[in-house]
1. Leaving ligands, DNA and RNA out of it, work out the accessible area of Arg212 with a 1.4 Å probe and give it in Å² to the nearest 10.
2. Once Rh for the range 95-136 is found with the Kirkwood sum over Cα pairs, what is the Stokes-Einstein diffusion coefficient at 10 °C and 1.306 mPa s, in µm²/s?
3. So if we plug the beta-carbon distance of Lys147 and Thr196 into 1/(1 + (r/R0)^6) with R0 = 22 Å, what FRET efficiency do we get, rounded to 0.05?
4. Order these peptides, 172-180, 295-303, by their mean beta-carbon neighbour count within 10 angstrom, highest first.
5. Please list, ordered by chain and number, the residues whose modelled amide H lies under 5 Å from the amide H of Leu68; skip anything fewer than 5 residues away on the same chain.
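The values are calculated or read from the model by the stated rules, or taken from the named source; none is laboratory data. The structure displayed is predicted, hence computed values, not measured ones. Backbone-built Cβ (ideal geometry, glycine too); neighbour counts: all protein chains shown. When the accessible area is computed, the model is the full protein with side chains, heavy atoms only, and any ligands, DNA or RNA have been set aside. Shrake-Rupley method; radii C 1.70, N 1.55, O 1.52, S 1.80 Å.
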Amino acid sequence: MASSAMLLLPPPSPSLSSRSSLASFPTRLPLLYPRRTFSSPLSTRPLSISASGRALEALIFDCDGVILESEHLHRQAYNDAFSHFSVCCPSSSSTSQPLNWSSDFYDDLQNRIGGGKPKMRWYFKEHGWPSSTIFETPPEDDIDRAKLIDTLQDWKTERYKEIIKSGTVEPRPGVLRLMDEAKNAGKKLAVCSAATKSSVVLCLENLIGIERFESLDCFLAGDDVKEKKPDPSIYITASQRLGVSERDCLVVEDSVIGLQVDLLLCAATGAGMSCVVTYTSSTANQNFDEAIATYPDLSNVRLKDLESLLQTPVAVK
């Protein structure tokens, strides 16, 4: 299923000239909405499901942006790395000052390019490879450029871990209560993140607590699947490990990239997973029309609210 889904969505443009939006994804795929009718433009087989709706059997959380609002922490860690290694790009307004990604720029960058190394590689290709204490002069061959990026990413990752372990970071409102409600009601609970496993484990142990983390019915990180989001492999795998039909899973995401996973999954399987969005300050301006519900956070969202979203009759022709 994953290989079929990969053909459905062209990659977003790397241009950062405008704010990120769903316009960067030229193909709009359907989600199975309550009381609305969709048919996939990329499938010759009409979709058809029972009008009795769905039963919420599993709740699947993304990590970054959903369990914690993390992008400003990642940006801080990158800028700390650039400062630590005196990373200076030739196109900077002041070549004597270390590179520093602004909040607006990073919001756009992280919503268009996934992964830390691809972000830096794109930036250095566009703005010139930098001088640094790693290489006094800008690296000119692929081996040295890879070494520069690897060194920066490794240091950034350790710095990010220090921030998470500092005790100053808290989970987003309503997350822990909703997790506990789901477990107490006998629902399956999972976390699926595109980040590296060590990073996600650290976040979960520090933010939701070791007891909740160990009680998860499924935990998947980017290391566990071949293709990262927006390929839907991670959610397909989670559904299989949970032993729950994809149509009875509800995903909580924070961005258009996460939402696109579920749209692709719907078109690929004919069943798909429904998605609710709890947006952050860096994703608030994105287009979430295809989500079955959108919330600024989960503080006022109860399990019964999510159950009712899936139990509403669905008609898809």
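1. Looks like 70 Å² after rounding.
2. Here the translational diffusion coefficient equals 139 µm²/s.
3. 0.70
4. Those peptides, ordered most packed to least, come out 172-180, 295-303.
5. Result for Leu68 returns Arg172.
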